[in-house]
Amino acid sequence: EQLELLERLNRLLPEEEVRLKEYRRLLDKIVVFPGFEFTATFGFHILGIFPENKSPREIEHILMDLNIPAEKLDEGSVTVGASSDVLTAYKKIKDGGGIA
């Protein structure tokens, strides 16, 4: 985002322009799916992966349904303890249009 801003302002350095072109080249070749990694009770780690068009707000609602406190989401915390069991997590992710 910073490089794109500098590009719009016509303030890119030559090496930044090279990095931005490479980023765009790679982004054209890959698909980045939104999702999250979640630790359920008993230490199970679950990946929730969603369609490309799933909004961050919708994913945040799923995480709050899994009892992740809103303030932890706002902080971008990566150290939230287990808040739901595995089966509940699978169901919430599936109901939200994702795969686990």
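Here is how the numbers come out for the structure above:
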| quantity | calculated |
| --- | --- |
| Condition check for LEU20: in contact with a Leu (Cβ under 9 Å, 6 or more places away or on another chain) and in the same structural domain as ALA89 (by TED's automatic domain parsing) | no |
| Extreme residue, nearest to VAL78 (Cα to Cα), among residues of the range 31-65 that are without any contact (Cβ under 8 Å) to a residue 40 or more places away in the chain and crowded, with 16+ Cβ neighbours inside 10 Å | PHE36 |
| Filter result (closer than 14 Å to LEU87 by Cα, at pLDDT below 95 and of a type outside the set (A, V, I, L, M)) within the range 21-66 | PHE38, THR39, THR41, PHE42, GLY43, PHE44, HIS45 |
| All positions within the range 65-74 that are under 10 Å from LYS92 (Cβ atoms) and assigned to a helix (DSSP H, G or I) | ASP65 |
| Candidate set: the range 1-30, residues that are of a type in the set (Asp, Glu) and either touching a His at 6+ places or on another chain (Cβ under 7 Å) or part of a helix (DSSP H, G or I) (or both); chosen: the one surrounded by the fewest Cβ atoms within 10 Å (Cβ to Cβ) | GLU15 |
| Positions within the range 58-86 being under 16 Å from LEU47 (Cβ atoms), more than 14 Å from the chain's Cα centre (by Cα) and not polar (S, T, N, Q), in sequence order | LEU66, ILE68, VAL80, ALA82, VAL86 |
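The values are calculated or read from the model by the stated rules, or taken from the named source; none is laboratory data. No experiment lies behind these values; they were computed from the predicted model shown. All Cβ positions, even for glycine, are placed from backbone atoms using ideal geometry, and neighbour counts span all protein chains on display.
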